[in-house]
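Colleague: Structure provided below as C-alpha cells; questions to follow.
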Amino acid sequence: MLKKVFGSAVFGVDATTITVEVNVDSGIGYHLVGLPDNAIKESNFRIAAALQNNGFKIPGKKIIINMSPADLRKEGSAYDLTLALGILAATKQIPAEGLEDYIIMGELSLDGTLQPIKGALPIALKARSEGFKGFILPGQNAKEAAIVNDLKVYGVASIKEVIDFFKDGTPLEQTVINTREEFYKNLDFPEFDFADVKGQESIKRCMEIAAAGGHNIILIGPPGSGKTMLAKRLPSILPPMTLHEALETTKIHSVVGRVKAHLGLMSQRPFRSPHHTISNVALVGGGSYPQPGEISLSHNGVLFLDELPEFKRDVLEVMRQPLEDREVTISRAKFTVTYPSSFMLVASMNPSPSGFFNDPNAPVTSSPAEMQRYLSRVSGPLLDRIDIHIEVTPVPFEKLSEDRKGESSVVIRERVSKARALQTERFKDFENVHYNAQMNTKHIRTFCKLDDTSKHLLKTAMERLNLSARAYDRILKVSRTIADLEGSEAVLGAHISEAIQYRSLDREGWLG
C-alpha cells in the first residue's frame, strides 16, 4: 500500500517541499532512497523505538521509502516524524485522511518526544505559498513558525499527540501570534547605552555618522581607550528594524537554529563578534552542505571584528566581495546558494604591535619595521571598503571621574532615524538602495553634487593623501550623511572637510 506525507528541506534561506512516499509490500526489508544522509538513514532505529514505546510498531514487511525529488540531497534528523507517520499510515495503523494537508517535521527521541528542528520559518513560508492547511512541528519551534499568517501551526511535544490527532481526532493546540504586536512589544531598549561612555565625544560623533548612513568604520587606538565599549553600543543607536528586516533576519537565524524558543520574531538588530581564530568558511558561510556564516548572521545588524590585524589575512580577503555586493554566493558542483549579508562592519585595531604608537609615555615602543609588518596584515583594498577611519585616544582621568552622564542612545537614535528617513525618501525609487553607504557611482553623481569650493577642497585632499577612486567615493558618501544629519539639501565644504578627517589610515605615516 502506498501513502504520501510531506516534509521540507532548506537550501540557502529558502525551503523546498519533500514528498515522502511509503510503500509497504510482502517480504522483509527496510529501504530508504532519495539521497538521504546518515542522520536520515539512522532514523529507522529512532522511529522503531519511539513507536514501540507508544504502543505501535514497524511491521516485519518490505518497506520502501522514497524522498522526492530523489536527486536533491536531504540531511538532518528533522524527517523522523514525517517518516514515522508515513509508515503508520501505509501499514494502516492510523487512518491517512488529511495527512496530505500538512507539512510534518520533527526529530524523535526514543521515548517519542520531539526535539527542535532548524529552518522552521522558511519551511512555514513555503508551506503557506504551496497551499498547505497546516504545519505540525516540535513545540520549541512553534512561535518561530507562527510568525507566518494564513497557516495553522501546531507545536507538539510528542509523536503520541500527532497520532491521536489523526487517529482519534483529538485536537492539537494551535499556536497563534500577532506578529506586529509581538514585534513592537520586543522593541525594548538594548542593555548597552552611550550614556555610559565618558568623554570620547568625537568618536561618538563618528559612530552617529556611521549609524546614520550605514557606513563601515574602523577604530584605531591603544588598549583600554574604549574601542570595544563603543562598538558594543552601536546597535543601540541604529534605527529599529522594520518588520520586513526582522523577518529576513529571523529567517537566516532560523536556518542555523539560532532563534530562541520564547522569541519567535527577532526585533533587535544582531551584533556578532567572532574570535580572530575564525576560519574563512565560518565567516562567509559554506561547508560541504552550505550554512550561513557570521557575515550573514549579522545581516541588518553589526559585525564587529576586534583586533583586525590578528585575523588571518585570507579570512579578511574573502570578505571584500560581500562588503561590496551585500550578499555572498556559495557555489558547489551541483548547486549554488546565495545568502544576504548587508551588515555594518565595525573593526578595531591597536596602532602598533605593542598597542602604543607615537606616545611619549608608552611603556613599550615598536620599531618602524615592526609597525609596517603589523599594519600590512590588513590589506589596502579592504581598508578602502571601510568608509570611516578614526583614531581613539585614551580618556583622561578628569573625564573618567566626572559624574555627568553622556548623551543617551535614545537621543542619538532619534537624530539617526531622522537622517535615515531622509535617505529612505531619497532612494524610494531604487530597489536595493536604502541608505547612503549602499550608493553606487551613479547615485553619488546624482545625490552628492559639489560646488566649486568643495571640489577644490576635495581635489587638494585627494592629491595630498594620494587617495584612490574608491576612497573618493567613500568621502562623498560620508559627506552626504553628515549633510543629512544637519538636514542640509546640499553637500557643503564643511561636510567634505569633516569627512576627509575620517580617513586616518590614508594619511602619510600609517600605511605605505
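Colleague: For region 321-339, name all the residues that are in contact (Cβ under 8 Å) with a residue 60 or more places away in the chain, surrounded by fewer than 23 Cβ atoms within 10 Å (Cβ to Cβ), more than 20 Å from ALA211 (Cβ to Cβ) and within 17 Å of the chain's Cα centre (by Cα).
Modeller: The answer is GLU324, VAL337, THR338.
Colleague: From the set of residues in region 1-16 that are among the charged types (D, E, K, R) and over 18 Å from SER341 (Cβ atoms), which is most open to solvent (accessible area, probe 1.4 Å)?
Modeller: LYS4
Colleague: Quick check on region 179-191. Is at least one of its residues buried (at least 18 other Cβ atoms within 10 Å of the Cβ) and modelled with pLDDT of 75 or more?
Modeller: no
Colleague: Looking at region 68-99, which of its residues are under 22 Å from ALA49 (Cα atoms), outside any loop (DSSP other than H, G, I, E, B) and either of a type in the set (D, E, K, R) or in contact with a Lys or Arg (Cβ under 7 Å, 6 or more places away or on another chain) (or both)?
Modeller: Answer for region 68-99, where residues must be under 22 Å from ALA49 (Cα atoms), outside any loop (DSSP other than H, G, I, E, B) and either of a type in the set (D, E, K, R) or in contact with a Lys or Arg (Cβ under 7 Å, 6 or more places away or on another chain) (or both): ASP80, GLY86, ALA89, ALA90.
Colleague: Please specify each residue of region 232-244 satisfying the condition of being open to solvent by 40 Å² or more (accessible area, probe 1.4 Å) and either aliphatic (A, V, I, L, M) or assigned to a helix (DSSP H, G or I) (or both).
Modeller: LYS232, HIS244
Colleague: I'd like the full set of residues that are surrounded by 20 or more Cβ atoms within 10 Å (Cβ to Cβ) and assigned to a loop (DSSP other than H, G, I, E, B), limited to region 100-117.
Modeller: MET105, GLY106, GLY112, ILE117 - these are the residues of region 100-117 that are surrounded by 20 or more Cβ atoms within 10 Å (Cβ to Cβ) and assigned to a loop (DSSP other than H, G, I, E, B).
Colleague: All but one of (1) in a loop (DSSP other than H, G, I, E, B); (2) at pLDDT 85 or above; (3) of a type in the set (Asp, Glu) hold for ASP359, so report the exception by its number.
Modeller: Single failed check for ASP359: (2).
Colleague: Next up: Restricting to region 245-264, and then to whatever is crowded, with 23+ Cβ neighbours inside 10 Å and outside any helix (DSSP H, G or I), can you tell me which residue is modelled with the lowest pLDDT?
Modeller: Filtering first and then ranking leaves GLY264.
Colleague: Identify, by number, the condition in (1) at pLDDT 90 or above; (2) outside any loop (DSSP other than H, G, I, E, B) that ILE203 doesn't meet.
Modeller: (1)
Colleague: Right, next: List every residue pair whose Cβ atoms sit under 9 Å apart, with the two residues 6 or more apart in sequence or on different chains, where the first one lies in region 122-143 and is farther than 14 Å from ILE18 by Cα and open to solvent by less than 30 Å² (accessible area, probe 1.4 Å) and the second, anywhere, is small (Gly, Ala, Ser) and part of a strand (DSSP E or B).
Modeller: ILE136/GLY155; LEU137/GLY155; PRO138/GLY155; ASN141/GLY155; ALA142/GLY155
The values are calculated or read from the model by the stated rules, or taken from the named source; none is laboratory data. If you're wondering where the values come from, they're calculated on a predicted model, not measured in any experiment. Virtual Cβ from ideal backbone geometry, glycine too; neighbours counted across all protein chains shown. Heavy atoms of the whole protein, side chains included, go into the accessibility calculation; ligands, DNA and RNA do not. Shrake-Rupley method; radii C 1.70, N 1.55, O 1.52, S 1.80 Å.
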